[in-house]
1. Look at the stretch 127-139 and say how many of its residues are of a type in the set (A, V, I, L, M), in a helix (DSSP H, G or I) and in contact with a helix residue (DSSP H, G or I) (Cβ under 9 Å, 6 or more places away or on another chain).
2. Give the stretch 378-400 a look and list any residue that's among the hydroxyl-bearing types (S, T, Y) and within 16 Å of the ligand (Cβ to nearest atom), or say none.
3. Could you check F195 against (1) closer than 29 Å to C36 by Cα; (2) among the aromatic types (F, W, Y); (3) within 16 Å of the ligand (Cβ to nearest atom) and say which number it fails?
4. Identify, by number, the condition in (1) surrounded by fewer than 23 Cβ atoms within 10 Å (Cβ to Cβ); (2) within 16 Å of the ligand (Cβ to nearest atom); (3) at pLDDT 95 or above that P308 doesn't meet.
5. Out of V302, V356, which single residue is open to solvent by 20 Å² or more (accessible area, probe 1.4 Å) and of a type in the set (V, I, T)?
6. With (1) farther than 16 Å from G29 by Cα; (2) in contact with a strand residue (DSSP E or B) (Cβ under 9 Å, 6 or more places away or on another chain) as the list, and Q299 as the residue in question, which single condition is left unmet?
7. Can you tell me how many residues within the stretch 372-417 are touching a residue at least 60 places away in the same chain (Cβ under 8 Å), within 21 Å of L433 (Cα to Cα) and β-branched (V, I, T)?
8. Please count how many residues of the stretch 240-273 are without any contact (Cβ under 8 Å) to a residue 60 or more places away in the chain, away from the ligand (no atom under 16 Å from the Cβ) and in a helix (DSSP H, G or I).
Amino acid sequence: MLGYISTRGRAPRLGFAETTLAGLAEDGGLYVPEACPKLSPDELSNMSHQNYLEVAWRVMLPFVGDDISSPELIRILMAAYKGFTHPDIVPLHKFDDNFYLMELFHGPTLAFKDVALQFLGQVFEHILARRQQKVTIVGATSGDTGSAAIEAFKGRKNADIVILHPYNRVSEVQRRQMTTVIAANVFNIAIEGSFDDCQDLVKAMFNDRKFRDEMHLSAVNSINWARILAQVVYYVYASVRLQAQTGRKAAFCVPTGNFGNVYAGYVAQSMGAPIDRLVVATNRNDILHRFFETGKMEQEGVAQSLSPSMDIQISSNFERLLFDLYGRSGSAVDKTMQYFRETGPFQLDPQTMERVRALFASGRMDDAQTTEVIARTYKQHGYILDPHTAVGVGVAEEYRKKNPGSVMVALATAHPAKFPAAVKQAIGFEPELPAPLADLYRRREKYEVLPADLGRVQQFVRERIKL
Ligand SMILES: *Cc1c(COP(=O)(O)O)cnc(C)c1O
C-alpha cells in the first residue's frame, strides 16, 4: 500500500488516514507519497468523457490505499461536492479557442478552497467515526480559509472547529461568511489584534503539549496532503478534456500564495496528465516569481495588496517541490529549510533551474495592473474577475504573447462578489452576491471577542468544548 514520507526524512512513514490527521510531520517536514501513481494513456483518454466525480474517484483511489474503500470513496466524493452550484463542479469558461478560465468558486464560500476543504471535511468524518475519535480543529484566518473550513466542518459529530480572526480587520463579507454559520460545533473568536497575533495564538496552543493532548487539537491548513490531493483532480479533468478537443497539452496559470494549488498541478503532471507548463502568478509579493527568474529564494517583508490571499512570503508547499528537485533527499531539504529560516536566501544551481523551467514559468502583477486586467476583461468579454483571478489572467496573457499557440487555462480562485471594493475600483460597480449568499447581510452573527491572550483563549475553548 502506498505510504507517505516526510520531506525532511526523519518522521515515520504513514498511511493516508494518519497523514491526513497529522498535517505537518513531526520532524517539521511535509508528507508526500513515497512514489507517484501513474495514469496509463488508456485511462487518460477514457477520462476525457467522464464527469468530475468519476475522474476524482479514479485519480484518488491509488492515493487513499486501504484507508478508504472504493465504494466509500464514491460516497465521500458525492457528499463533498453536492453543495456545488454548477453541475460540472469546476466549469471551463471559454475566452477563445486557446484560452479558458476554470471556475473553481462554485462551492459554498465562493473560493477555490472549498474544493479541497469540502473533501477534507468528509474524509475527517469518515476516519474519525471509524476510530471513534473526536478532535478540535483550531485555525487562524485572514479571510478565505476560515469560512471554507467552517462550512466544511459545521454540524459534524466528531469535530469541533475554532477559528480566530483579527477583530475588525477582515472584510464584512468574509466575517459574515464565518460568523453567520450557527452550529453547536462552530466557534468564531475575534481577537483584539492582528492576523499575526491570531497565528501566534494558534501556534502557542499547539505548542502547549498538555492543552494539545487534552483538547485533541488538529489542523486543516494548506499543507494537509488530502487538500492537495483534492486539487490534483481538476488539473487532470481539464487537461484530458482539452487534449481531446485540441490535440495539445494545456498550460495552467495559477494565482499563487502558499504554492498548494500549483503544486497539485505538478502532481497531476507527474501522474501523466497532459500538462505543458505550470505558470506561477504572484502579486507584488513576488518571492516565487523572483525564484523562477533567478534560482534564488529570498524573503522580503509582506506588503498588502488587492489579492490578500496571496500576500505571503514563505510558501510552505514549495518544500514539496524542493524535495523532488533535491532527488528526494530529506537531509538536503532539512538543511536548506533550516538555513532559509535562520540565516537567509538559498540558491539552486543552473542545471536544476533548467529542469525547473521546463516545468514552470512565472509572472507578477502589481495592484495597478490587476485593476487594469479586471477592467479590460470586463470590456472585452463582459466577464468580471476577482482580483486574485485577475493576477492569474494578466500573467497568462503575458505568457501567451511569449508562447503563441499555447492552450492556456487560467484558474479562477474566487468569485468577484467576495472582493467588492477591488472590483468597484476597476469597473465602477460592485458585483452581486450569488443566490445562496444573497441574504448574507441580513443573517444573524455569532462570535466572541477576546483579547490576544493565550490563557483567555484556552479557557474559552476548554469551557465550550466537551470531548
Ligand atoms: C488561498 C488562495 C490563493 C492561493 O492559493 P495557494 O494554494 O495558497 O497558492 C489564491 N486565490 C485565492 C482566492 C485564495 O483563497
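The values are calculated or read from the model by the stated rules, or taken from the named source; none is laboratory data. Because the structure is a prediction, the values reported are computed rather than measured. No Cβ is skipped: glycine too gets one built from the backbone with ideal geometry, and neighbour counts run over all protein chains shown. Note: areas computed on protein heavy atoms with side chains; ligands, DNA, RNA excluded. Shrake-Rupley method; radii C 1.70, N 1.55, O 1.52, S 1.80 Å.
1. 2
2. T389
3. Evaluating F195 over (1) closer than 29 Å to C36 by Cα; (2) among the aromatic types (F, W, Y); (3) within 16 Å of the ligand (Cβ to nearest atom) leaves (1) as the failure.
4. Against the list (1) surrounded by fewer than 23 Cβ atoms within 10 Å (Cβ to Cβ); (2) within 16 Å of the ligand (Cβ to nearest atom); (3) at pLDDT 95 or above, P308 comes up short only on (3).
5. Among V302, V356, only V302 is open to solvent by 20 Å² or more (accessible area, probe 1.4 Å) and of a type in the set (V, I, T).
6. Looking at each condition in turn, Q299 falls short on (2).
7. The qualifying residues number 2.
8. Matching residues across the stretch 240-273 total 1.
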